[in-house]
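Only one structure is covered here, and it is reproduced in the block below.
The values are calculated or read from the model by the stated rules, or taken from the named source; none is laboratory data. Since the model is a prediction, treat every value here as computed from it, not as a measurement. Reconstructed Cβ throughout: ideal geometry from the backbone, glycine too, with neighbour counts over all protein chains shown.
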Amino acid sequence: MDREGVCVGIHNFFVSLVLVPIFIFKFIITWLTTNSIVNKASEKFNEKMLKMGLAEDKTKTLTREYTCIKDYIFEGFLKRKDKIQKSNPRRTGGVQNILIKMLPGGQVFLRIKNGDAKDVKSAITLDATKTIILLVAVARALKRDIYWVAVCVTSYFLYSLLFGFASELITKHQDTSKGLLGSIIGTIGDALSDTKVIAIVSLALSSHAILAAPFVPLYHVIPGLDFVEHYISGFGIGLFAVKAYRIFVGYISYSKALTIFGSAKLSHQISLFEMSAELPFLCYSSIFVGLVWEGLEEIAEKFTPRVVNVLLWNGVADILVGLLGALTAYMFVLHSFIIKKQEGFSNLNQKNSKVTLKDVRRASDRVLTHMKGAICSVYSEITAEKISKAVGTHQLNHQKEANLKKELFLK
């Protein structure tokens, strides 16, 4: 990359660093507002239908269908139906599969049973991690170390539930939800289905239980052990953040809405922002998880002398080391060592184009204003009354016709 390209990359990074929280905040505020409007309209719709004399079960069905219009508006504006990343179809066996996945060796067993040899090495890593945590728990139990036995058992069940119960449940319901919720479920489902990524992430996040327990109570005495663990955990968090970000951007995009509106310039700016925002999103994810973890350590410190955490210096250092691990994961991804290159992410500074803060904010405001306007026009209380009257009248007439035909048939 030439000098100009490096300068553009640095510029885009810092602009996107400012824009990422603004984007998330504006979207959440808009979505919460529209949800409130939808709820009021749905209540009005439901109330009017009941007053017209429709059966309660029929009214619930019609109200649910009326509320789903919001999802179709969302998909029409943002969802990239032609670019959705499909995960490999997997067989599901409900509760039985969930229980098997929670056992040591469950992932490998299911692959062999279903004749699915793909990513079997990653499945072995997944199961090996669970087995190691379990063995550490047994070892600490022999030492009568109740505290760390509890830590390992909790880690084991959280790990098993996440990659057993959650993945099975998401896979089962992946195609049943629409709109924003459907995009989120699809993102998590696809991310969890990549066993290569998840194997590395799980191994990283389990490092505290695997590495720390054998050295307790010398955990905080061994120089640098805590930093090593936070670095490894940060690597796992960063890797999962990149995977989830790329999948989610593959599901929805403001550029689709801007293309519909005929704003080619703003659409180009949003596309540049989506590519440049990957690294800032990773940084924010790493820092957020680090803050949550340090907060939990502060709480744990109040209940046991086994945890010593000085937030003002040790906590900040842990967060920075975790961020360094996340950045390392990003470098691996950037060179396609773990995640394959995807279209749109191969060159973050294509044609040395700069992300313009003003243009991206204007594009974001335009998309959200149009989306909110479309939803509000459908879900105003006046519209709800009109639609409920029309739908209710149609349903009652249909019911009367059915009753009349039934009477004629009986005669």
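Checked against (1) at pLDDT 85 or above; (2) within 29 Å of residue 366 (Cα to Cα); (3) surrounded by 20 or more Cβ atoms within 10 Å (Cβ to Cβ), residue 251 meets all criteria but (1).
Residue-wise test of (1) buried (at least 17 other Cβ atoms within 10 Å of the Cβ); (2) outside any helix (DSSP H, G or I); (3) among the hydroxyl-bearing types (Ser, Thr, Tyr).
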residue	(1), (2), (3)
16	yes, no, yes
20	yes, no, no
26	no, no, no
33	no, no, yes
36	no, no, yes
39	no, no, no
44	yes, no, no
47	no, no, no
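The residue pairs whose first member lies in region 27-43 and is over 10 Å from residue 372 (Cα atoms), whose second member is among the acidic types (Asp, Glu) and in a helix (DSSP H, G or I), and whose beta carbons are closer than 8 Å, counting only pairs six or more residues apart or on different chains, are 40/381; 41/381. Residues in region 185-195 include at least one that is crowded, with 19+ Cβ neighbours inside 10 Å, at pLDDT below 70 and over 15 Å from the mean Cα position of the chain (by Cα).
Looking at residue 354, is it at pLDDT 80 or above and not β-branched (Val, Ile, Thr)?
In short, yes.
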